[in-house]
Every structure is written in structure tokens, then in C-alpha cells.
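Trainee: Take this structure, written in C-alpha cells, and hold onto it; I'll ask about it next.
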Amino acid sequence: MGKPNITLFALGGTISAHHPLRDELRHYRTGHFTAQELLAALPEINNTAHITVEQVDNVTSTAVDLPHWLRLKHQIERHFAEGADGIVITHGTNTLEETAYFLHLTVNSTKPIVLVGSQRPFSALSSDAHLNLLNAVRVAAEPTCHGLGTLVLMNDKIYCARDVSKTHTYHVESFQAFNTGPIGTVDPDRQVRLSHRPVRSHSTLSRFAVPLDDFAPYVPILFSHAGADQRLLESLMQHHTPHGIVMAGTGAGRCSPLEEAPLLTARDQGIPVVMSSRLASGRVLPIEYYDKFGLITADDLPPQKARIVLLLTIKLGLNKTAIQEAFNTH
């Protein structure tokens, strides 16, 4: 059996970064290395797959936005239709989990998509970039990874895109899935080993794996805290009317008493409001407190991923009941 055909989409990020000092882990330039240069430094990849390269962009992940996501979805589906067996995407780590989850929900294919980044620049001593990229190709080329949706490969561990988040600013073990753990590993014998499979709807079973237009709903995230008042919410409602709102609530998903009045205004205007939690793990469940505000609950999605589900449901024109169902099943 021949080697699989893997397409490498490059977006930039720390995995493409360089600094003349090999022990400089802060002041580096993102996007120094192109995808072709990364591959040239890793000839071991050729033992695993035939690689086709597409340089989508070369930016820090803080510059990645919805147009990038839509472009990636369309290009990935095209490459799969043309015969690619898997996709690897190099990406900055700051928003990697968001890009991964968007693709997890919207790409209409069962073939593996693997996002990979690094916490240290490609040029650094003990950089995690080299082995992360090699292992990402191994995962994308692995037949048992079909049907898992979009995956994230970091630090030898394989994560479902829904579950994983960046949890530390610099450490190489930053990417974690506190609620579920990784779904597999790439071990020192170069073998991909899976321990469990995602059960939520994704890829071909997702209601969002449909053609998407360029409409970009305005869905901000508001962060509740001790002493939070109504002014930010009121200003938002008066001057920048959103299509939806995600609240990063405290604890199990609560906001301050002063924030409640603007939420009633949003309810009366038919603006969907999703209550998530600013905590790193745990579910936000329906409680009586939410009833009068008409709040939608985010389950165990962090605010940045709850925003993606809300954004997609708004793009599809779903009502509140259907939006809540999407959070319950995706």
C-alpha cells in the first residue's frame, strides 16, 4: 500500500517563527519560515506521507478571523474531493483551538484534519515545533483517525477539537482537555494509539457541515467579574447591536445583579444570549435563575468555543430552541 497523500496548510504562528538567538523564547518573529522551509528541515516526514503544500497565510494566530475559517473550510473540502487523504494545518497557538473547533463543526468529510502549533519557535533550543509537525503528519496519515473530526496534536498528545484549550502562556504542555483528557498519543515507537472516540456531533454528522456564506454575525464575549455593572452591556446594546452575546459567567455561570437588566433588554429584542463559564472546566447547566432571562446554556464549552456555535446557529437562522439543541449535541 502506498503512502497517503497529505495536504499541509500553513497559516504561520510560533511554529514558523525565528530568532537569531536560539535561547530566545519571547522576542521572535512569527512567519519567518514558509511551509516548504519547515518541510525541508524535516525529511523524516517523507517516510510517512506524500506532502502537498498550500501557504494560506503567514500570520500570528491573533490575526486569524472568520474569513480565514471559511477559506480553510472551502479549501479543505476541495482538497479532499481531489484525493487528499488527510490535512495538517500549522497554526499559532493563541487561537488554534477556535479554528480547530470551527472546522470540526463545518467540514463535510470524515477524513482527518489535524491542527498543530508549537510553544517555542522553530529556531529555538528544545523547540517542540519539529516533533509536533512530524507527529501531526503521522496522525493525519493514520487510517484509524478517520471519522474523528478535527484533531489537535501537541506535545505527543492527540485531542478532539471540541475538548482542548490552551492553558499556559509558554509551557510546552499548555494544551489540555480538562473535562475529557486526550483521545490518544503518538508514542516513541512512532505509532498512533487511540484511547477513545468523540461522541458529540461533528463533521458529516454536524448540522453545520453545509455550504456557508460570508455573512459574519457580530457575537461578542462579555466577561463577568466581581463588581461588574450594566454599563458595558448597555453601551453594546445601544451602539453596537449584536446578533448574539456570549457571557463568560462566574462559577457555574452567573453574572452580577447589575448585568441582569441589559440581559432582559436583549431577551426582549430577540437577541440570543449564551451563558458560559470563565472557569477552565465543568458544565453550565440550566437553572431557574436563567428562566426569566431566556438564557441558552453552553454545556462545557468555554466562552471562545460557545461563540463559534452561536455564530454558526445565527448564520443558519436557527431559533432559540434549536440553538440550545445545538449546544446540547455538538
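Matching residues to (1) in contact (Cβ under 8 Å) with a residue 60 or more places away in the chain; (2) farther than 22 Å from Lys315 by Cβ; (3) not acidic (Asp, Glu):
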site: Thr34; (1), (2), (3): no, yes, yes
site: Ala41; (1), (2), (3): yes, yes, yes
site: Asn46; (1), (2), (3): no, yes, yes
site: Asp57; (1), (2), (3): no, yes, no
site: Gln75; (1), (2), (3): yes, no, yes
site: Glu82; (1), (2), (3): no, yes, no
site: Asp85; (1), (2), (3): yes, yes, no
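Trainee: Which residues, counting only those in segment 1-23, are surrounded by 15 or more Cβ atoms within 10 Å (Cβ to Cβ), out of contact with any helix residue (DSSP H, G or I) (no Cβ under 6 Å at 6 or more places or on another chain) and of a type outside the set (S, T, N, Q)? Break it down into steps so the answer makes sense when it comes.
Mentor: Kept after step one, since they are surrounded by 15 or more Cβ atoms within 10 Å (Cβ to Cβ), are these residues of segment 1-23: 4-19.
Cutting the leftovers down to out of contact with any helix residue (DSSP H, G or I) (no Cβ under 6 Å at 6 or more places or on another chain) gives us 4-5, 9, 11-12, 14, 16-19.
Residues satisfying the conditions are Pro4, Phe9, Leu11, Gly12, Ala17, His18, His19.
Trainee: Sort out which residues of segment 108-121 are surrounded by fewer than 24 Cβ atoms within 10 Å (Cβ to Cβ) and either over 29 Å from Ala81 (Cα atoms) or not assigned by TED's automatic domain parsing to the domain that holds Leu21 (or both), and write them in order of number.
Mentor: Within segment 108-121, Arg120 is the sole residue that qualifies.
Trainee: Against the definition (touching a strand residue (DSSP E or B) at 6+ places or on another chain (Cβ under 6 Å) and at pLDDT 95 or above), how does Thr106 come out, yes or no?
Mentor: On the way: touching a strand residue (DSSP E or B) at 6+ places or on another chain (Cβ under 6 Å): no; at pLDDT 95 or above: yes.
No.
Trainee: Determine, yes or no, whether Glu259 is outside the structural domain of Arg78 (by TED's automatic domain parsing) and farther than 27 Å from Glu97 by Cα.
Mentor: yes
Trainee: Against the condition over 22 Å from Val53 (Cβ atoms) and touching a Phe, Trp or Tyr at 6+ places or on another chain (Cβ under 7 Å), how does Asn94 come out, does it pass?
Mentor: no
Trainee: Next question, about the same structure. Can you name every residue in segment 289-330 that is part of a helix (DSSP H, G or I), hydrophobic (A, V, I, L, M, F, W, C) and under 22 Å from Thr265 (Cβ atoms)?
Mentor: Hits for segment 289-330 are Phe293, Ala306, Leu310, Leu311, Ile314, Ile323.
Trainee: Within segment 155-189, can you find the residues that are outside any loop (DSSP other than H, G, I, E, B) and free of Cβ contacts under 8 Å to residues at least 60 places away in the same chain?
Mentor: Once the filter is applied, which keeps residues that are outside any loop (DSSP other than H, G, I, E, B) and free of Cβ contacts under 8 Å to residues at least 60 places away in the same chain, segment 155-189 yields Lys157, Ile158, Tyr159, Cys160, Gln176, Gly184, Thr185, Val186.
Trainee: If you don't mind, another one. Just to be sure before I move on: is Asn94 within 17 Å of the chain's Cα centre (by Cα), of a type outside the set (D, E, K, R) and outside any helix (DSSP H, G or I) in the structure I sent?
Mentor: yes
Trainee: Filter segment 294-321 for residues that are free of Cβ contacts under 8 Å to residues at least 40 places away in the same chain and farther than 14 Å from Val284 by Cβ and give the result.
Mentor: Those that are free of Cβ contacts under 8 Å to residues at least 40 places away in the same chain and farther than 14 Å from Val284 by Cβ: Gly294, Gly317, Leu318, Asn319, Thr321.
Trainee: Quick check on segment 238-293: of everything there that is free of Cβ contacts under 8 Å to residues at least 12 places away in the same chain and under 21 Å from Leu311 (Cα atoms), which residue is surrounded by the most Cβ atoms within 10 Å (Cβ to Cβ)?
Mentor: The residue in question is Pro286.
Trainee: Among the listed residues Ile15, Ile51, which satisfies the condition of being β-branched (Val, Ile, Thr), over 26 Å from Pro217 (Cα atoms) and part of a helix (DSSP H, G or I)?
Mentor: Ile15
Trainee: Continuing with the same structure: Starting from segment 90-111, take each residue that is within 21 Å of His146 (Cβ to Cβ) and list its partners that are basic (Lys, Arg) and modelled with pLDDT of 95 or more, counting only C-beta distances under 8 angstrom and pairs at least six apart or across chains.
Mentor: Tyr101/Arg162; Tyr101/Lys305; Phe102/Lys73; Leu103/Lys73; His104/Arg162; Thr106/Lys73; Val107/Lys73
Trainee: Is it the case that His130 is part of a helix (DSSP H, G or I), touching a residue at least 12 places away in the same chain (Cβ under 8 Å) and not basic (Lys, Arg)?
Mentor: Judged against the criteria, His130 is a match.
Trainee: Considering only segment 16-44, state which residues are among the polar types (S, T, N, Q) and either under 14 Å from Gly92 (Cβ atoms) or more than 25 Å from the chain's Cα centre (by Cα) (or both).
Mentor: Ser16, Thr30
The values are calculated or read from the model by the stated rules, or taken from the named source; none is laboratory data. Note that this is a predicted model, so its numbers are computed, not measured. Note that we place each Cβ from the backbone using ideal geometry, even for glycine, and neighbour counts take in every protein chain shown.
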